[in-house]
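Peer 1: So that we are looking at the same thing, I have put the structure below in structure tokens.
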Amino acid sequence: QSNNDLILALKTNKIDAVALSGGVGQAYANSVSGLKFTYADYPKGVQDEEGMQVVIPKNQQALKTRINKIVEKYNHSHSFEKWIKHAGTQLKQAK
């Protein structure tokens, strides 16, 4: 489902909550009446266990290969962990 579908389901009481990345969640809360954004302080390691996804069109093997190489590079350097920690710090300061 798209984020718009999830927000519609939330607004029509089909679901109770939606977990979105900070910037996206804040943007929806600012633009859709009746929504509230709150920062979820996940326990250490939760984000790593869930993983990350990149959505691309079907039959784009060259693009998929390139993306996987980039992700592997950043996983090896632990950059994602550093970025997530930094983003969490920034969100807490913005509260």
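Computed from the coordinates by the stated procedures, all read-outs in this text should not be read as laboratory data. What you see is a predicted model, and the numbers here were worked out from it, not measured in a lab. Here the Cβ is made from the backbone with ideal geometry for all residues, glycine too, and neighbour counts use every protein chain on show.
Peer 1: Just to confirm a number: summing +1 for Lys and Arg and -1 for Asp and Glu over residues other than Ile67 whose beta-carbon lies under 15 angstrom from that of Ile67, what do you get?
Peer 2: Net of charged neighbours comes to +4.
Peer 1: I would also like to ask the following. Compute the distance in nm between two label points, each set 7 Å from the Cα along the Cα-to-Cβ direction, one at His76 and one at Thr12.
Peer 2: Label at His76, label at Thr12, 4.7 nm between them.
Peer 1: Between Lys64 and Ser21, what length in nm is gained on full extension when 0.36 nm per residue of separation is reduced by their alpha carbon distance?
Peer 2: That works out to 13.2 nm of additional length.
Peer 1: Next question. I'd like the Karplus ³J(HN,Hα) series for region 59-70: coefficients 6.51, -1.76, 1.60, θ = phi - 60°, whole numbers in Hz, and an x wherever there's a Gly or Pro.
Peer 2: Calculated HN-Hα couplings, in order: 6, 10, 4, 4, 5, 4, 4, 5, 4, 4, 5, 5 Hz.
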